[in-house]
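These notes are about the structure you will find just below.
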Amino acid sequence: MTLKATKGACTLCEKEYTRSGMGKHLASCLTKQPAESIMDDERVSLHLQVTTRYPSDYWLHLHVDERATFKTLDMFLRKLWLECCGHMSQFFVGRQIIGMHGRLVTLLRTGYEIDYDYDMGDTTQLRIKVLGRYQGLAPGGKAITILARNHPPEIPCDACDRHPAVSICPECNWEGEGWLCRKCATQHSCGDEVDYLTIPNSPRAGVCGYTGV
């Protein structure tokens, strides 16, 4: 299964870029956006890039204000990208685990990288990098705001290799196959009794029955 390079749209101006191009664009675009009006000029917010620690075309750019703890980010990533069965998760640097109740702005500076694992069995491994640190709260005043997210990757059908896959056979997926287009799914050898999985826009796609809902 080969993923094509993906782009995403900036939620601030709607321009499209690749993951790395989006980081450069947002460094400029964020400075043009008004921060929330606040009395305390020591308040800050962070620009985070979230990717997988293995090659994939799934990525996020997030704006996080200083209210957010690592638990806030954990719950956000679970809801958007990961949650299937209430698995364990953790943030860490090297072998040092980061506590969930600490605030991101207290521990992280521009250029810092931390790792995050969801599910200690079929693990989804993420890397989080701080691309910028800004004065004031994030626009909209939310704890975490999506600045950009990859468009769904176009994954070719394992059977015909001509059309994009739209569903996954859970039986064949154990062997690293079974990503099927609509036509091939109707002709698939596992038959109609199999409950095919939808393909969510998430690095958790095809893992542990994850459907994104």
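Data for the structure
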item: Dipole magnitude of the chain, debye to nearest 20 (Cβ charges: Lys/Arg +1, Asp/Glu -1, about Cα centre); result: 860
item: Within a Gaussian network of the chain (alpha carbon springs, distance under 10 Å), most fluctuating of Ala143, Ala159, Ala68; result: Ala159
item: Cβ-defined net charge surrounding Ala159, 12 Å radius [Lys, Arg +1; Asp, Glu -1]; result: 0
item: Helix 19-29 axis, angle to the chain major axis (alpha carbon atoms, nearest 10°); result: 30
item: From the C-alpha gyration tensor of the chain, square roots of 5λ in Å; result: 35, 20, 13
item: Loop sites in region 123-211: trypsin sites (Lys or Arg not before Pro), DSSP, at most 16 other Cβ within 10 Å; result: Lys142, Arg162
item: Helix-only [θ]222 nm of the chain, DSSP H runs n ≥ 4, -39500 (n - 2.57) each, per residue, nearest 500; result: -3500 deg cm²/dmol
item: Ordering of 18-29, 53-64 by packing [mean C-beta count within 10 Å, highest first]; result: 53-64, 18-29
item: Percentage relative contact order, the chain, counting C-alpha pairs under 8 Å, at least six apart; result: 26
item: Charge context of Lys79, other residues only, Cβ under 14 angstrom, K/R +1, D/E -1; result: +3
item: Region 43-91 versus region 10-30: alpha-carbon centroid distance in Å; result: 18
item: Size descriptor, Kirkwood hydrodynamic radius, that averages inverse alpha-carbon separations across region 146-213, Å; result: 12.3
item: Prolate/oblate/rounded call for region 78-190, Cα gyration tensor, a/c under 1.5 rounded; result: prolate
item: Cut-off of 10 Å, at most 13 other beta carbons, DSSP loop: longest stretch of the chain lacking such GluC sites (Glu not before Pro); result: 43-153
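Values quoted throughout were computed directly from the atomic coordinates according to the rules given, and no laboratory measurement underlies them. Remember, it's a predicted structure, so these values are computed and weren't measured experimentally. With ideal geometry, Cβ positions are generated from the backbone for all residues, glycine too; neighbour counts draw on all protein chains shown.
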